[in-house]
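What follows is one structure encoded as structure tokens, with my remarks underneath.
Every number here is computed from the coordinates shown, using simple stated rules; none is lab data. Since we're looking at a predicted model, the values are computed, not measured. So basically every Cβ, Gly included, is an ideal-geometry build from the backbone, and we count neighbours across all protein chains shown.
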Amino acid sequence: MDVLSVVHSEHAGTELFGPVVAAAGHRLTEWTFASNGAPPPADAVLVFGGSMHPDQDDEHPWLKDEVPWLERLIDDKVPTLGICLGSQLLARAAGSWVGPLEGAPEIGWVGVELTDEGRSDPVLSALPASFEALQWHYYQHGLPQGAVALAQNNACLQGFRLGDALWGVQFHPEVTEPQLTRWIDDKDVEPSQQQRLRVDTREKIGRWNELGRGLCRAFLTAADQLTAARAA
């Protein structure tokens with residue numbers, strides 16, 4: 001299976017998911033709209049995060065190309081998993097509103113709960129019914145028309161499925177400790193918050209990476225099954 005990884009920043013790449021894709025025997029291509037334009041066809045797509053926001057078309061003109069491309073993925077029912085910005089862009093492409101979180105951004109280790117639908121979902125059921133997730137986002141989005149809410153917390157919608165082939169999660173299951181260290185060292189993070197993030201990350205990243213690998217494997221399995229069923 002050909003898996004396409006759409007990235008928006010050198011600091012927010014495929015990370016933990018890359019070795020999982022390789023171990024499953026699939027081929028991975030990493031792609032960026034900002035540098036490369038429209039990507040090649042793929043059997044499954046991963047859309048990752050970035051420091052930009054999903055409505056900043058003027059600052060990031062390539063968004064005007066990526067959103068219609070995501071609309072085609074939705075129309076063609078290409079197995080897709082959007083993460084953080086990727087989830088926001090997927091929701092936007094599906095016609096949902098996107099906008100800033102009310103109050104403070106979610107940065108750090110925050111509780112998330114699966115809905116009843118999430119507990120039975122072929123992808124998000126790889127996660128516990130309740131878990132602490134690594135969050136790093138300033139925006140949120142609504143539930144696209146026809147989509148099913150899979151995860152939530154007090155801040156916002158945390159996961160959804162659209163049809164049987166497209167998923168979005170607001171948290172970061174792909175993050176690794178070296179990647180997160182780079183984010184923590186960012187000048188926009190207060191020193192007191194940096195220290196708390198470092199301590200929490202040392203305690204939590206190992207378990208979180210286990211869950212992230214499981215989520216990635218579940219998505220690849222679902223994508224493989226969908227691709228095989230459509231080829232039959």
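For percent of Cα pairs over 24 Å apart, several values are listed as (1) 60; (2) 63; (3) 39; flag the one computed from this structure. Of the labelled values, this structure produces (3). Sites listed here are GluC sites (Glu not before Pro) in the stretch 3-65 whose DSSP assignment is loop and whose Cβ has at most 13 other Cβ atoms within 10 Å: 10, 59. Each other residue within a Cβ distance under 14 Å of residue 68 adds +1 if Lys or Arg and -1 if Asp or Glu, for a net charge of -3. Shape of the stretch 74-131 from the C-alpha gyration tensor: oblate (a/c of 1.5 or more and a/b not above b/c, with a ≥ b ≥ c the square roots of its eigenvalues).
Magnitude of the charge dipole for the chain, about its Cα centre and with charges confined to Cβ atoms of Lys, Arg (+1) and Asp, Glu (-1), is about 520 debye. The stretch 147-232: which GluC sites (Glu not before Pro) are DSSP loop and have at most 10 other beta-carbon atoms within 10 angstrom? Listed in order of number, the matching sites amount to none. Among residues other than residue 98 with Cβ under 14 Å from its Cβ, the summed charge is -3 (Lys and Arg +1, Asp and Glu -1). In the stretch 1-103, a dipole from Cβ-located charges (positive for Lys and Arg, negative for Asp and Glu) runs towards its positive end, and of 78, 26, 56 it is 26 whose Cα lies farthest in that direction.
The relative contact order of the chain comes to 21 percent, based on Cα pairs under 8 Å that sit 6 or more residues apart.
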